[in-house]
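Some notes on the structure that comes next.
The values are calculated or read from the model by the stated rules, or taken from the named source; none is laboratory data. Here the structure is a predicted model, which means the values were calculated and not measured. Positions of Cβ are backbone-derived with ideal geometry, glycine not excepted, and every protein chain shown enters the neighbour counts.
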Amino acid sequence: MGTGSGIQAITAALKPEVERVVAVDINPEALKEAEERAVPAGVSEKIEFRLGDLFQAVGEERFDYILFNPPYLPSHPKEPRDEATRAWDGGPTGGEVIRRFLREAKEHLKPGGRILLVLSTRTGITLEEIAEDYEVEVLEGESLFFEKLLCLSLRRRQ
Ligand SMILES: C[S@@+](CC[C@H](N)C(=O)[O-])C[C@H]1O[C@@H](n2cnc3c(N)ncnc32)[C@H](O)[C@@H]1O
């Protein structure tokens, strides 16, 4: 999800055990870039590129893994939101895209499937909040100047 330059989609597709990847972005320029990068990596056949707002272009499909390094900074009060700013703009408080993603993603996981999500403490979204719907495992954490970044593994609660 939010494939951007395609880094995660291509890395996943390079793994022999991965059969197929669906790479989604709301920005057509990003998708074009990702599609072009998949060619020299030799994984074009394995990746489907889809333009859409979160799961809009995914239908009712379910996945073993959903990866998202989301935009999470608050919208600039004076700058309009456009395709370019969506790379970092997570909505008025910064957490809106992530909260919507977490609500929708539940319906797109296969049984036992996992979400791998990058979460910044700047979003104000707590692990307790996420734990209402998901079993949360912190895979990695890194403290930066004004935030801590976590890589979370999430499984839908039964
Ligand atoms: C922080 S960048 C991550 C890019 C890339 N996955 C990476 O890790 O380098 C967030 C990406 O999410 C995309 N994005 C933002 N809002 C989105 C939405 N509602 N639906 C789909 N993609 C979205 C942006 O266009 C951008 O490519």
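A compact table of results
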item	result
Cβ-Cβ under 7 Å pairs, at least 6 apart or on other chains, region 7-27 side touching a residue at least 40 places away in the same chain (Cβ under 8 Å) and on the phi < 0 side of the Ramachandran plot, far side within 8 Å of the ligand (Cβ to nearest atom) and among the basic types (Lys, Arg)	ILE26/ARG86; ASN27/ARG86
In region 65-108, residue surrounded by the fewest Cβ atoms within 10 Å (Cβ to Cβ) [restricted to those that are in contact with a Gly (Cβ under 7 Å, 6 or more places away or on another chain) and free of Cβ contacts under 8 Å to residues at least 40 places away in the same chain]	THR93
Selected residue (criterion: surrounded by the most Cβ atoms within 10 Å (Cβ to Cβ)) from residues of region 109-127 that are within 13 Å of the ligand (Cβ to nearest atom) and closer than 21 Å to VAL21 by Cα	LEU117
Only one of GLY42, GLY4, GLY52 that is over 26 Å from LEU154 (Cα atoms) and either surrounded by 13 or more Cβ atoms within 10 Å (Cβ to Cβ) or not assigned by TED's automatic domain parsing to the domain that holds LEU154 (or both)	GLY42
Any chance ARG81 is of a type in the set (Lys, Arg) and in contact with a strand residue (DSSP E or B) (Cβ under 6 Å, 6 or more places away or on another chain)	yes
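Listed here are the residues, each with its yes/no results for (1) near the ligand (Cβ under 8 Å from one of its atoms); (2) of a type in the set (Asp, Glu); (3) touching a strand residue (DSSP E or B) at 6+ places or on another chain (Cβ under 9 Å).
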| residue | (1), (2), (3) |
| --- | --- |
| GLU19 | no, yes, no |
| VAL43 | no, no, yes |
| PHE63 | no, no, yes |
| TRP88 | yes, no, yes |
